[in-house]
């Protein structure tokens, strides 16, 4: 039964990719996924084609406020990209295969680099609301994994190594892009929870104790699927609030969205730099662990 579900998802991903191919002048090299309040973090895309999720064959639909539910295809600095305005979460009732379905479609389309953007709560006491953090690693506390069950060999190997899930070369490019844009960039570990209930003070203390710098309800499933599929990943978090477990302040979705929306233009600057750099240098080759110097993209 589980194998039949996986085979059906593979078939659906193939069919959805073919649906896009029939409407596109080219295939995307870069995929982008945006989250809560962050639809404008891809404002620099010159949109050529737009699809509402509900009109895409086999595609899930968004149920969360501020997730617009649109797939955009277009040009950014001479690179053809595809970008999701809104994502899917486990807490919406979707399975891990559903949540990662867009990543599999991107894989079938030949995407080589995935940029993931999310809103997250800060845990690191040196963070401030409105900061942008590049994710260096994650902790999967969702209790789920999109690779559980039979392996689809055409998508990737049975046991993908996650030691370099967040590509070091891309992280350096993000750092350079933030520097050129005058953005004070934070770096840290993202803890992924299932949600939707927000964290208790005791949970924040636990997350801090195990090394998390920020926490949210997305990203981890998509990263696992992308790494499994051989796609290089970088991820940015808009820190919407900073938790103090000793003096907890209730968080509201409206406040989280408002802070994320303010951060969107700065994230767009970094995304532009990543794509611009992609045009000037081949960053889809295997990263070398000793890589340190990034030539400046002008």
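The values are calculated or read from the model by the stated rules, or taken from the named source; none is laboratory data. These numbers come from a predicted model, not from an experiment. Methodologically, a virtual Cβ is constructed for each residue, glycine included, from the backbone with ideal geometry; neighbour enumeration extends over all protein chains shown.
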Residue under question is residue 77, and the condition is that it be at pLDDT below 90, closer than 24 Å to residue 277 by Cβ, over 18 Å from the mean Cα position of the chain (by Cα) and surrounded by fewer than 21 Cβ atoms within 10 Å (Cβ to Cβ); does it hold?
yes
For region 5-19, indicate whether the set of residues that are surrounded by fewer than 17 Cβ atoms within 10 Å (Cβ to Cβ), modelled with pLDDT of 95 or more and touching a strand residue (DSSP E or B) at 6+ places or on another chain (Cβ under 8 Å) is non-empty.
no
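Conditions (1) within 21 Å of residue 218 (Cα to Cα); (2) modelled with pLDDT of 95 or more; (3) touching a helix residue (DSSP H, G or I) at 6+ places or on another chain (Cβ under 8 Å), marked per residue:
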position	(1), (2), (3)
110	no, yes, no
128	yes, yes, no
140	yes, yes, yes
155	no, yes, yes
Taking region 8-47 on its own, how many of its residues are over 22 Å from the mean Cα position of the chain (by Cα) and touching a residue at least 12 places away in the same chain (Cβ under 8 Å)?
7
I'd like the full set of residues that are assigned to a loop (DSSP other than H, G, I, E, B) and in contact with a strand residue (DSSP E or B) (Cβ under 9 Å, 6 or more places away or on another chain), limited to region 168-197.
183, 184, 193, 195
The number of residues in region 48-70 that are in contact with a strand residue (DSSP E or B) (Cβ under 7 Å, 6 or more places away or on another chain) and touching a residue at least 40 places away in the same chain (Cβ under 8 Å) is 1
Residue 195, sole failed condition from (1) surrounded by 15 or more Cβ atoms within 10 Å (Cβ to Cβ); (2) at positive phi; (3) without any contact (Cβ under 8 Å) to a residue 12 or more places away in the chain:
(3)
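Sort out for me the helices (runs of 4 or more DSSP H) sitting completely within region 200-298 that have 2 or more residues that are in contact with a helix residue (DSSP H, G or I) (Cβ under 6 Å, 6 or more places away or on another chain) and modelled with pLDDT under 95.
253-280
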Going through region 91-125 one residue at a time, which ones are touching a strand residue (DSSP E or B) at 6+ places or on another chain (Cβ under 8 Å) and over 20 Å from residue 192 (Cβ atoms)?
109, 111, 112, 113, 125
